[in-house]
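Have a look at the structure below before the remarks.
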Amino acid sequence: MRYGLLVKGAPYSSQASHSALRFAAALVARGHRLKCVFFYHDGVYNAARLAAPPQDEPHLYDAWRSLHDEHGTQLQVCIAAALRRALLDSREAERHGKSGHSVEPPFELTGLGQLIDLGREVDRLVTFAP
Amino acid sequence: MSSTVNFSGDLLVILRHAPHGSSWLREGLDAALVAAAFGQSVSLLFQSDGVLALAKGQGVGPLGQKGTATTLDMLAMYDIESLYLDPEALERFGLGEQDLLLPAAALDAASLPRLIAGHRLVLTF
């Protein structure tokens with residue numbers, strides 16, 4: 001089956017990201033296709049490129065990246081939720097006159113319309129919320 | 001009411017949080033509006049603290065938030081007209097139909113599974 005995930009919990013603050021990543025690993029291990037992970041609400045913090053967790057803890061940011069690299073899963077971030085929370089890619093940083101950016105590929109800032117499209121395209125959209 | 005109400009649609013958004021205290025309600029309504037703008041038929045279910053979203057006389061609050069009452073006014077413009085609420089939650093807050101900004105159909109617990117099953121996608125906020 002084709003799956004999409006909706007992640008609404010911030011990394012390390014709640015179980016949402018950890019559970020979503022485990023679910024993602026189980027999906028692909030069983031031969032399902034994970035098309036996209038969409039980050040909304042505080043879930044957008046998963047896209048913060050500067051995350052530096054202690055070495056003996058799961059590196060959630062790197063885990064999302066691996067999901068993209070190994071399985072082609074798209075990592076989409078709601079732009080309206082992201083900009084409010086200081087998550088800007090280089091284009092948005094320039095547009096808003098900020099000196100640095102906090103989001104980079106494979107994470108993409110995108111609109112909520114993409115979430116609605118995802119819901120239409122996949123067989124199952126599963127939410128992970130705090 | 002169950003036999004007369006159309007329980008089907010593309011997207012059901014379940015709203016369970018009050019205005020102002022968090023961004024859940026606003027972000028849930030945003031998802032509903034975007035889906036409607038994309039031509040999807042959208043239903044809303046106000047549950048738990050979410051029924052407070054429908055209360056009349058909301059200010060924008062001292063916290064610098066825009067609030068969600070104005071968004072509710074826009075629902076009809078987006079053709080979002082299937083509104084449901086949990087009557088027990090409404091009663092818990094001492095509210096009645098006359099206290100609401102918009103009419104929403106009372107949905108008894110027994111009909112809830114049918115409402116959910118009637119929508120292809122369900123998002124909960």
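The values are calculated or read from the model by the stated rules, or taken from the named source; none is laboratory data. In this text, all values refer to a predicted model and were calculated from it rather than measured experimentally. Positions of Cβ are generated from backbone atoms using ideal geometry, with glycine treated the same way; all protein chains shown enter the neighbour counts.
Below are the figures for this structure:
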| item | result |
| --- | --- |
| Conditions (1) more than 15 Å from the chain's Cα centre (by Cα); (2) small (Gly, Ala, Ser); (3) over 23 Å from residue B:57 (Cβ atoms): number failed by residue B:82 | (1) |
| Out of B:28, B:50, sole residue that is of a type outside the set (Asp, Glu), within 11 Å of the chain's Cα centre (by Cα) and within 14 Å of residue A:115 (Cα to Cα) | B:28 |
| Which listed residue is of a type outside the set (Val, Ile, Thr) and within 13 Å of chain A (Cβ to nearest Cβ), from B:107, B:101, B:29 | B:29 |
| Residues that are part of a loop (DSSP other than H, G, I, E, B), under 17 Å from residue A:44 (Cα atoms) and either of a type outside the set (S, T, N, Q) or more than 14 Å from the chain's Cα centre (by Cα) (or both), drawn from region A:92-130 | A:101, A:103, A:104, A:105, A:106, A:111, A:129, A:130 |
| Lone qualifier among B:50, B:67 - being farther than 16 Å from residue B:119 by Cβ and modelled with pLDDT under 95 | B:67 |
| Spans of helices (runs of 4 or more DSSP H) in region B:58-125 with at least 2 residues among the hydroxyl-bearing types (Ser, Thr, Tyr) | B:69-74 |
